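These notes concern the structure reproduced below.
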Amino acid sequence: MMERLKNISRIKTVRISTRLPVVYPEGQKKGHLKAISKLSPVWVVIHINHPTEVSPEFVDAVKKLREAGASLVSQTVLLRGINDCPHILLKLFEMLVSIGVKPYYLFQLDEVKGAMHFK
């Protein structure tokens, strides 16, 4: 699929948004990394919300993405009672920067049924 996207002349960069490195880092396959390596520039936007999500497996997945040539940024959703403290966000962002992920987006929660208690 990525090769087909890259063959469209008006597409210069591919951006992939994912929580895979956070929730299922072992799901990142060699084929994914090879495709990223082959088709750079590829931007990977990692959805991560709390410092406890920065596990050793996550760090390893990030390292492999960087080695494949991906540019890495993060997206964080501001969640009441989870990460709505500046100290928690600072810790998360500093951890991300230390492993080569640039904090990029901080979102306020969308109005989604069943999640309004986080707003």
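The values are calculated or read from the model by the stated rules, or taken from the named source; none is laboratory data. None of the values given here were measured: they were computed from a predicted structure. So basically every Cβ, Gly included, is an ideal-geometry build from the backbone, and we count neighbours across all protein chains shown. Heavy atoms of the whole protein, side chains included, go into the accessibility calculation; ligands, DNA and RNA do not. Shrake-Rupley method; radii C 1.70, N 1.55, O 1.52, S 1.80 Å.
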*Using beta carbons and a limit of 7 Å, which pairs, at least six apart or on different chains, have the first residue in region 71-93 and over 14 Å from Thr52 (Cβ atoms) and the second one open to solvent by 20 Å² or more (accessible area, probe 1.4 Å) and among the aliphatic types (A, V, I, L, M)?*
Val77/Leu109; Leu78/Leu106; Leu78/Leu109; Asp84/Leu78
*Looking only at residues in region 90-119 that are aromatic (Phe, Trp, Tyr) and open to solvent by 70 Å² or more (accessible area, probe 1.4 Å), which one is modelled with the lowest pLDDT?*
Phe107
_Of all residues in region 71-116 being assigned to a strand (DSSP E or B) and among the small types (Gly, Ala, Ser), the one that is farthest from Trp43 (Cα to Cα)_ = Ser74
*Pull up region 33-54, narrow it to residues that are aliphatic (A, V, I, L, M) and either modelled with pLDDT of 90 or more or open to solvent by 70 Å² or more (accessible area, probe 1.4 Å) (or both), then point me to the one that is nearest to the chain's Cα centre (by Cα).*
Ile46
*asked:* If the requirement is being of a type in the set (D, E, K, R), surrounded by fewer than 17 Cβ atoms within 10 Å (Cβ to Cβ) and modelled with pLDDT of 90 or more, which of these qualifies: Arg15, Arg19?
replied: Arg19
*Checking Lys30 against (1) of a type in the set (Lys, Arg); (2) surrounded by 13 or more Cβ atoms within 10 Å (Cβ to Cβ); (3) out of contact with any Leu (no Cβ under 7 Å at 6 or more places or on another chain); (4) closer than 20 Å to Val14 by Cα, the condition it does not meet*: (2)
*Within region 47-64, identify whether any single residue is out of contact with any helix residue (DSSP H, G or I) (no Cβ under 6 Å at 6 or more places or on another chain) and in a strand (DSSP E or B), and answer yes or no.*
yes
_Every residue in region 13-31 that is free of Cβ contacts under 8 Å to residues at least 24 places away in the same chain and farther than 22 Å from Val77 by Cβ, please._
Lys29, Lys30, Gly31
